[in-house]
Amino acid sequence: NAGVTQTPKFQVLKTGQSMTLQCAQDMNHNSMYWYRQDPGMGLRLIYYSASEGTTDKGEVPNGYNVSRLNKREFSLRLESAAPSQTSVYFCASSITPTNEKLFFGSGTQLSVL
Amino acid sequence: SQQGEEDPQALSIQEGENATMNCSYKTSINNLQWYRQNSGRGLVHLILIRSNEREKHSGRLRVTLDTSKKSSSLLITASRAADTASYFCATALSGYSTLTFGKGTMLLVSP
């Protein structure tokens, strides 16, 4: 049982480049989330999808877009990367959107030069 | 904005000792959760305590919740080197559907 799978694990971009972070879960969870983790800042929510077909902004959505492709997959897109988006990105999922426990992927370390 | 704040920021103990971490929050919550993160890995859920619960146990973990003081504590008994990790509290606010994480406590357990 793979759980939550994120790709890629590492990525280096130049300022202005675009990329998509992929996330898939095989636990039949309804809700999926994207967080970023910066040193000394903890985890901050970027976007989430409470259920298939819905997406909502989190605490720090600027510069990002998301797509809930189907129940399994939730992607995060950086249209024009900026150095401020250098971070570790985590995808997570939960059975329902009612504040139950999250299952996390192993993260994507992104550097924007 | 951060809802939960862990204290201390870092904690260093010897194997066999107990480790206590605290979390304070600002507004009413539905539940509070603790997660562990090993270096370079994703977060792993440890325990969830609901607002109407005062104490919960899971193996060597003991979590307490004091809603009047808006605080929680995580106690790890008989620590092992493998407990070395960062520990985060996360709060689920009443009426909201997402978790808000604190900045974490880095625990170092030396053999």
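For the range A:68-113, a decrease in accessible area of 40 Å² or greater in the assembled protein chains relative to the isolated chain, with a 1.4 Å probe, applies to A:Asn99, A:Glu100, A:Lys101, A:Leu102, A:Phe104. Please report the spacing between the Cα centers of the range A:1-54 and the range B:56-94 in Å, no decimals. Cα centres, the range A:1-54 to the range B:56-94: 26 Å.
In the context of the full set of protein chains, the protein assembly as shown has a per residue accessible area of 47 Å² (1.4 Å probe).
A Förster radius of 41 Å, combined with the Cβ-Cβ distance separating B:Lys56 from A:Thr5, puts the computed FRET efficiency at roughly 0.85. Stokes-Einstein diffusion for chain B, with the hydrodynamic radius set to the Kirkwood value over Cα pairs and evaluated at 25 °C in a medium of 0.890 mPa s, equals 177 µm²/s. Inter-label distance, B:Asn38 to A:Asn70: 3.2 nm, where each label sits 7 Å from its Cα along the C-beta direction. Here the accessible area is traced with a 1.4 Å probe on the protein chains. For chain B, carbon and sulfur cover 46 percent of it. Evaluated with a Cβ-only charge set (Lys, Arg +1; Asp, Glu -1), the protein assembly as shown carries a dipole of roughly 160 debye about its Cα centre, given to the nearest 20. Dividing the radius of gyration of the alpha carbons in the protein assembly as shown by their Kirkwood radius gives 0.97 for Rg/Rh. Per-residue shielding of B:36-46, expressed as the average number of other chain Cβ atoms within 10 Å of the residue Cβ, stands at 5. Taking amide H as placed 1.01 Å from N in the peptide plane, B:Thr84 has its amide H under 5 Å from the amide H of B:Val109, each at least 5 places away in sequence or on another chain. Taking the Cα centre of the range A:34-74 as origin and assigning +1 to Lys and Arg Cβ atoms and -1 to Asp and Glu Cβ atoms, the resulting dipole is close to 80 debye. Each 10 Å bin, from zero up to the one with the longest distance, holds this percent of the alpha carbon pairs of the range A:62-113: 21, 46, 28, 5.
Peptide A:34-41 is shielded by partner chain Cβ atoms: per residue, an average of 3 of them sit within 10 Å of its Cβ.
What is the log10 of I(q)/I(0) for the range B:37-96, computed with the Debye formula using one identical point scatterer on each Cα and no solvent, at q = 0.25 Å⁻¹? Values returned for q = 0.25 Å⁻¹ are -1.18. In units of the compact-protein estimate 2.2 N^0.38 Å, the range B:17-61 shows a Cα radius of gyration of 1.31.
Here chain A carries DSSP beta bridges of which approximately 90% are antiparallel, counting only pairs with both residues inside. Of the trypsin sites (Lys or Arg not before Pro) found in the range B:25-111, those that fall in a DSSP loop while having at most 16 other beta-carbon atoms within 10 Å are B:Lys26, B:Arg41, B:Arg54, B:Arg60, B:Lys69, B:Arg80. Cβ-Cβ distance of B:Ser12 and A:Asp38, R₀ of 22 Å, FRET efficiency by 1/(1 + (r/R0)^6): the value works out to about 0.40. Net charge in the neighbourhood of A:Thr108 (other residues with Cβ under 13 Å of its Cβ; Lys, Arg +1, Asp, Glu -1) is +4.
Which whole number in µm²/s is D for chain A by Stokes-Einstein, with the Kirkwood Rh taken over Cα pairs at 20 °C and 1.002 mPa s? The calculation lands on 155 µm²/s.
The values are calculated or read from the model by the stated rules, or taken from the named source; none is laboratory data. All figures in this text were calculated on a predicted structure; none of them were measured in a lab. Every residue, glycine among them, receives a Cβ derived from its backbone with ideal geometry; neighbour counts consider all protein chains shown. These area figures cover heavy atoms from the full protein model, side chains too; ligands, DNA and RNA do not enter into them. Shrake-Rupley method; radii C 1.70, N 1.55, O 1.52, S 1.80 Å.
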